[in-house]
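Below is one structure; the comments refer to it alone.
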Amino acid sequence: MFINPDSGRLNRRFRFQVVFGLVVLIIVASVFYWAGEVQVPETELESDMISTVEELEEVAEIPEVISTSETQATKKAQVGPLVRIKHQVIPVEVRRTHAELAAGLSGWPNLPADEGMLFIFPEFSKPAFWMPDMNFPIDMVWIRDGEIVGITANVSNEFDQANPDFYYPPEPINYVLEVNAGFMARSGLTVGDQLTFENI
């Protein structure tokens with residue numbers, strides 16, 4: 001058998017080239033494989049991010065609905081007795097019983113601005129009002145059914161037990177509204193104005 005002396009070198013070179021090619025092929029295949037693996041989580045992450053953003057938007061809307069609902073409930077809870085005179089809405093404390101009518105605003109440290117106290121009498125009469133233990137001046141509004149028939153404005157809270165001042169309506173009435181002094185003039189309300197009662 002004839003042997004070419006250069007054939008050994010050629011075979012070794014060929015084997016080296018084959019091995020080198022295989023190594024390069026494996027490296028390239030690995031790069032493509034790992035590149036594909038990296039892209040998959042990126043797609044999943046993007047999908048998860050979209051889902052998370054949508055969930056956050058849905059969650060963010062919940063407090064707004066609750067807040068609106070709570071606000072509406074609070075407003076309903078705050079609706080109490082009211083007196084409406086023209087454009088003015090006056091929240092009032094109501095007094096009906098003999099003891100309540102006699103006490104009135106006596107002893108109160110103050111009356112909240114734009115609020116009042118409504119005295120309701122069982123029949124038309126001309127009750128006498130006075131100012132013992134009052135801590136602030138008031139306007140007295142004399143009401144017959146749904147009409148203001150008189151206003152005694154800026155009644156002083158100064159009281160002389162030995163010689164008290166008494167205040168009477170100009171005609172028989174069945175309601176008296178007491179508000180802070182100056183309220184009626186400041187609000188532009190006067191005798192003859194019509195009014196309505198709510199939640200009373």
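Bear in mind that the values in this text are calculations on the coordinates, not laboratory data. All of these numbers come straight from a predicted model, not from anything done at the bench. Don't worry about glycine lacking a Cβ; one is built from the backbone with ideal geometry, like all the others, and counts go over all protein chains shown.
For every residue, the table says whether it meets (1) of a type in the set (A, V, I, L, M); (2) in contact with a Cys (Cβ under 8 Å, 6 or more places away or on another chain); (3) over 18 Å from residue 94 (Cα atoms).
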| site | (1), (2), (3) |
| --- | --- |
| 129 | no, no, no |
| 142 | no, no, no |
| 148 | yes, no, no |
| 152 | no, no, yes |
| 159 | no, no, yes |
| 178 | no, no, no |
* **Restricting the range 158-200 to residues that are surrounded by 12 or more Cβ atoms within 10 Å (Cβ to Cβ) and acidic (Asp, Glu), the residue that is nearest to residue 137 (Cα to Cα)** => 178
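Yes or no, residue by residue, for (1) in contact (Cβ under 8 Å) with a residue 60 or more places away in the chain; (2) surrounded by 15 or more Cβ atoms within 10 Å (Cβ to Cβ); (3) under 19 Å from residue 103 (Cα atoms):
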| site | (1), (2), (3) |
| --- | --- |
| 114 | yes, no, no |
| 119 | no, yes, yes |
| 124 | no, no, no |
| 139 | no, yes, yes |
| 142 | no, yes, yes |
| 148 | yes, yes, no |
| 155 | no, yes, yes |
* Asked: Among the residues of the range 133-155 satisfying the criterion of being in a loop (DSSP other than H, G, I, E, B) and of a type outside the set (Gly, Ala, Ser), which is nearest to residue 170 (Cα to Cα)?
  -> 145
* Structure fact -> Residue pairs qualifying under the 6 Å Cβ cut-off, at least six apart or on distinct chains, with the first in the range 178-200 being more than 11 Å from residue 87 (Cα to Cα) and the second being surrounded by 13 or more Cβ atoms within 10 Å (Cβ to Cβ) and hydroxyl-bearing (Ser, Thr, Tyr), are none
